[in-house]
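The values are calculated or read from the model by the stated rules, or taken from the named source; none is laboratory data. Keep in mind that what you see is a predicted model, and the values were worked out from it rather than measured. Counting neighbours? That spans all protein chains shown, and the Cβs are built from the backbone with ideal geometry, glycine included. Please note that ligands, DNA and RNA were not included when accessible areas were found on the heavy atoms of the full protein model with its side chains. Shrake-Rupley method; radii C 1.70, N 1.55, O 1.52, S 1.80 Å.
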Amino acid sequence: MAHIAWLGKKTPFCGNVTYGLNTTEALRQRGHQTSFIHFDNPGGLSNGESALLANDPEVSLPYLVKSQVYTIPFPGAQRELRESLERLQPDLVHASLTLSPLDFRLPELCEQIGVPLVATFHPPFDSGMRHLTAGTQQLTYQLYAPALARYDKVIVFSELQAEVLTKLGVQEQRLAVIPNGVDPECWAPTSPQCSNPMQQEVLGRVGNERIFLYMGRIAAEKNVEALLRAWRLVETKGCRLVIVGDGPLRSTLQNNSTPTKENDVLWWGYESDLNTKVALLQCAEVFLLPSLVEGLSLALLEAMATGTACVATDAGADGEVLDGGAGIVLSTQGVTSQLRTLLPVLRDQPVLTAELGRRARMRVLERYTITRNIDDLETLYRGLLGATKMAAA
């Protein structure tokens, strides 16, 4: 079994945190040793001493600024990272890239200590980037492409993302498409033989209306405003839009809610409890994700696994996930007008939503389980470690 040093960051609402923690836990369950190195020490230690403990598998690196998008490390972070890796002596380093200057130093550092380096590259992108059009996300990909070419392997979540990086000069043999995975036993439809008390709590707060659900950050790139505009333009009697999450635009959008539609929209807020999130998706009839940019949405996979009918834009890999009948795919252009047409259909056709939910769960079972994700990771690790041993011999 291998010892994997996993690099990431611990920040609420950040998708790569969920991905990293779920993956490291799954690897541990399979007998691998994992160490988690993350940015979780604002400003460095006040006494100037090292944060490293002799037998601690979790290392906290100091940072100056940490946001949803990027991390600016403390000046001593690179030294502490090197000391951490020299102390831990992993067989392989796996970095869930944090959009930090350290991302560009990792290839040189791992080469010096003789350890293979894998990156998971998950910045969001939009459909236009498939044709290399301009945009903020495109600049991120252009900035990172030369550095990614120096990693031993770069994990991406979809063929579309691999295509973008290939066009920017990353060699195909360095890329590995390994999608996110979810636990279909945790994220599962309601069983007729099993009543979930959390569902009763959810319904007690939401009411008896049919639930249309958004779950995620409330930020510009998530395009929740377009969803709200469409919701206000259609007759939603008997239905309720539940918005679960928090973010920089929540107060603005909530305060601008149209009074006549106020009772049709429930602002749930940020939800950290796993069982409550599962119950919300189990109670929902339709999950809506109107994003302008995405990587591969874990919330979408979780909704699909619970058997909820899913509607998402083709941002990032989300359209690829739903393609072929597993859900309804919208263009990132004109989301409000598309939803204005679609919402009445979903409202009037519960048989359709039930069938879409069934297909969504089947798609997850076929392609997007955590078991398959870890199987693919282990195969990649074995290939790299085998190549390293041959090179050493």
(message) Please go through (1) at pLDDT below 95; (2) aliphatic (A, V, I, L, M); (3) within 21 Å of Ala188 (Cα to Cα) for Val265 and return the number of the only condition it doesn't satisfy.
(response) (3)
(request) Taking Val154 as the residue in question, decide whether it is closer than 22 Å to Ala2 by Cβ, buried (at least 18 other Cβ atoms within 10 Å of the Cβ) and at pLDDT 90 or above. (result) yes
(request) Would you list the helices (runs of 4 or more DSSP H) that sit entirely within segment 297-392 and hold 3 or more residues that are under 25 Å from Val234 (Cβ atoms)? (result) 298-305, 318-322, 335-348, 350-367
(request) Would you be able to say whether some residue in segment 316-332 is open to solvent by 10 Å² or more (accessible area, probe 1.4 Å), polar (S, T, N, Q) and touching a residue at least 12 places away in the same chain (Cβ under 8 Å)? (result) yes
(request) State which residue is farthest from Gln33 (Cα to Cα) when the search covers only segment 81-123 and only residues that are in a loop (DSSP other than H, G, I, E, B) and open to solvent by 50 Å² or more (accessible area, probe 1.4 Å). (result) Pro101
(request) Could you tell me whether Thr133 is closer than 19 Å to Ser331 by Cα, at pLDDT below 90 and either open to solvent by 10 Å² or more (accessible area, probe 1.4 Å) or not aliphatic (A, V, I, L, M) (or both)? (result) yes
(message) Can you report the number of residues in segment 33-77 which are assigned to a loop (DSSP other than H, G, I, E, B) and at pLDDT below 85?
(response) 19
(request) Quickly run through segment 165-187 and pick out the residues that are buried (at least 17 other Cβ atoms within 10 Å of the Cβ) and within 20 Å of Leu298 (Cβ to Cβ). (result) Ala176, Ile178, Pro179, Asn180, Gly181, Val182, Pro184, Trp187
(request) Spot the failing condition for Pro248; the list is (1) open to solvent by 20 Å² or more (accessible area, probe 1.4 Å); (2) more than 20 Å from the chain's Cα centre (by Cα), and only one is missed. (result) (2)
(message) open to solvent by 20 Å² or more (accessible area, probe 1.4 Å) and modelled with pLDDT of 95 or more: is that true of Lys277 in this structure?
(response) yes
(request) Quickly run through segment 136-151 and pick out the residues that are in a loop (DSSP other than H, G, I, E, B), surrounded by fewer than 18 Cβ atoms within 10 Å (Cβ to Cβ) and either under 20 Å from the mean Cα position of the chain (by Cα) or not basic (Lys, Arg) (or both). (result) Ala149
(request) Output the number of the condition that Arg232 fails; it satisfies all remaining conditions of (1) exposed (fewer than 14 other Cβ atoms within 10 Å of the Cβ); (2) under 22 Å from Ser331 (Cα atoms); (3) not polar (S, T, N, Q). (result) (1)
(message) Tell me whether segment 291-302 contains one or more residues that are open to solvent by less than 20 Å² (accessible area, probe 1.4 Å), over 20 Å from Val182 (Cα atoms), at pLDDT 95 or above and among the β-branched types (Val, Ile, Thr).
(response) no
(request) Return the residue satisfying two criteria in turn: it lies in segment 341-387 and is within 21 Å of the chain's Cα centre (by Cα) and of a type in the set (S, T, N, Q), and of such residues it is least open to solvent (accessible area, probe 1.4 Å). (result) Asn373
